[in-house]
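Chemist: Starting off with a structure, shown below.
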Amino acid sequence: MAVYTLPELPYDYAALEPVINPQIIELHHDKHHAAYVKGANDTLEQLAEARDKEQWGSINGLEKNLAFHLSGHILHSIYWHNMTGDGGGEPLEKDGVGELADAIAESFGSFAGFKAQLTKAAATTQGSGWGVLAYEPLSGRLIVEQVYDHQGNLGQGSTPILVFDAWEHAFYLQYKNQKVDFIDAMWAVVNWQDVAKRYAAAKERGDGLLLAP
């Protein structure tokens, strides 16, 4: 059975300066993300042992651990590719991401409205969490979700296409306790090409995950 592995960064540690310094990228990827990968794999082993021994006393904790570590792994895997040193601005048709730009305008009224909502969602997470732009297949629209930890407060079936990490380990060494400053700065490194590809892929899958007639 395949296990989860830590993906390589699509750039070097210094690629996102000055928005995110190299030390944060190294620690965030090599330590924090790696810990979620290990946690997911360890929990799968513990669940297998519980099945073999038919000992279910720890099932609630194990299922919570699996959701936490696996969601952390998935969100971070998206996060690294959502950023580029050549990013920023807003998605525009002339850059080949017009479909995404149209979807944002249709779902949020304007890019400015979307940017304000995602910024506030990420910056006001209580404790640890994420601000997420997701494709919601039931309505076919884009929505913003405020995710607590890695897995809480999510609409079932929605697909994340742009994620802002609002955990302290993502910014504290550089921005201290100024989470809002970090989220504001993040817009300068958004990789709209990557977000557009994720939007197209999610839209193509449509409502296949839903048990609809």
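The values are calculated or read from the model by the stated rules, or taken from the named source; none is laboratory data. Please read all numbers here as calculations on a predicted model, not as lab measurements. For neighbour counting, all protein chains shown are included, and Cβ atoms are generated from backbone atoms with ideal geometry for every residue, glycine included. Just the protein is used for accessible areas: all its heavy atoms, side chains included, with ligands, DNA and RNA removed. Shrake-Rupley method; radii C 1.70, N 1.55, O 1.52, S 1.80 Å.
Chemist: Based on Cα positions only, what radius of gyration and what Dmax would you give for the range 25-129, in angstroms?
Modeler: My reading of the Cα-based Rg and Dmax gives 19.4, 59 Å.
Chemist: What does the helix-only formula give at 222 nm for the chain: each DSSP H stretch with n ≥ 4 adding -39500 (n - 2.57), the total divided by the residues, and the result rounded to the nearest 500 deg cm²/dmol?
Modeler: -14500 deg cm²/dmol
Chemist: Right, here's the next one. Less than 13 Å Cβ to Cβ from ALA121, Lys/Arg counted +1 and Asp/Glu -1: what total charge do the surrounding residues give?
Modeler: Result for the neighbourhood of ALA121: +1.
Chemist: Using a cut-off of 15 Å between beta-carbons, work out the net charge of the residues near PRO91 (Lys and Arg +1, Asp and Glu -1, PRO91 not included).
Modeler: Result for the local shell: -3.
Chemist: Give, to the nearest whole percent, the P(r) tail of the range 74-166 beyond 23 angstrom, counting all Cα pairs.
Modeler: Value for the range 74-166: 20 percent of Cα pairs lie more than 23 Å apart.
Chemist: Quick one: if the Förster radius is 35 Å, what FRET efficiency do ASP102 and TYR148 give, using the C-beta to C-beta distance and rounding to 0.05?
Modeler: 0.70
Chemist: State log₁₀ I(q)/I(0) for the range 123-213 at q = 0.15 Å⁻¹ as given by the Debye formula over alpha-carbon point scatterers of equal weight, solvent excluded.
Modeler: Rounded to two decimals, the profile gives -0.62.
Chemist: Continuing with this model, one more query. For all pairs of alpha-carbon atoms in the range 113-165, what percent lies in each bin of width 5 Å, listed from the first bin to the last filled one?
Modeler: 5, 24, 33, 24, 12, 2, 0
Chemist: For a test of understanding, tell me how many lysine pairs in the chain have Cα atoms under 16 Å apart, given they are 8 or more places apart or on different chains.
Modeler: Going through the chain pair by pair, I get 4.
Chemist: OK, next. If I compute solvent accessible area with a 1.4 Å probe over the protein chains, what percent of it on the range 104-213 is carbon and sulfur?
Modeler: Carbon and sulfur together cover 52 percent of it.
Chemist: Compute the semi-axes of the equivalent ellipsoid of the chain, taking the square root of 5 times each eigenvalue of the Cα gyration tensor, and list them largest first in whole Å.
Modeler: Three semi-axes, in Å: 29, 23, 16.
Chemist: Can I ask one more? May I ask you to give the solvent-accessible area per residue for the chain, in square angstrom, as obtained with a 1.4 angstrom probe?
Modeler: 53
Chemist: Can you run phi through the Karplus equation (6.51, -1.76, 1.60; θ = phi - 60°) for the range 89-104 and list ³J(HN,Hα) in whole Hz, with x for Gly and Pro?
Modeler: Per-residue couplings from phi come out as x, 9, x, 10, 4, 5, 9, x, 10, x, 5, 5, 4, 5, 5, 5 Hz.
Chemist: Same structure, new question: With labels modelled as points extended 7 Å from the Cα through the Cβ direction, what inter-label distance (nm, one decimal) is found for GLU54 paired with GLN126?
Modeler: 4.3
Chemist: Now for a different question. Counting Lys and Arg as +1 and Asp and Glu as -1, what is the net charge of the other residues whose Cβ lies under 12 Å from the Cβ of TRP56?
Modeler: -2
Chemist: Residues of the range 157-181 with the amide nitrogen closer than 18 Å to a label point 7 Å from the Cα of ASN21, along Cα-to-Cβ, please.
Modeler: Under 18 Å, as judged by backbone N against the label point of ASN21, lie 168-181 of the range 157-181.
Chemist: What per residue convex hull volume, in Å³, do the alpha-carbon atoms of the range 1-87 yield?
Modeler: Spelled out: Cα convex hull of the range 1-87, divided by residues, is 83 Å³.
Chemist: I've got another one for you. How big is the Kirkwood radius of the range 20-71, worked out from every pair of different alpha carbons and given in Å to one decimal?
Modeler: It is 12.1 Å.
Chemist: Spin-label point model (7 Å from Cα, Cβ direction): what's the ALA14 to LEU47 distance in nm?
Modeler: Computed distance between label sites ALA14 and LEU47 equals 4.2 nm.
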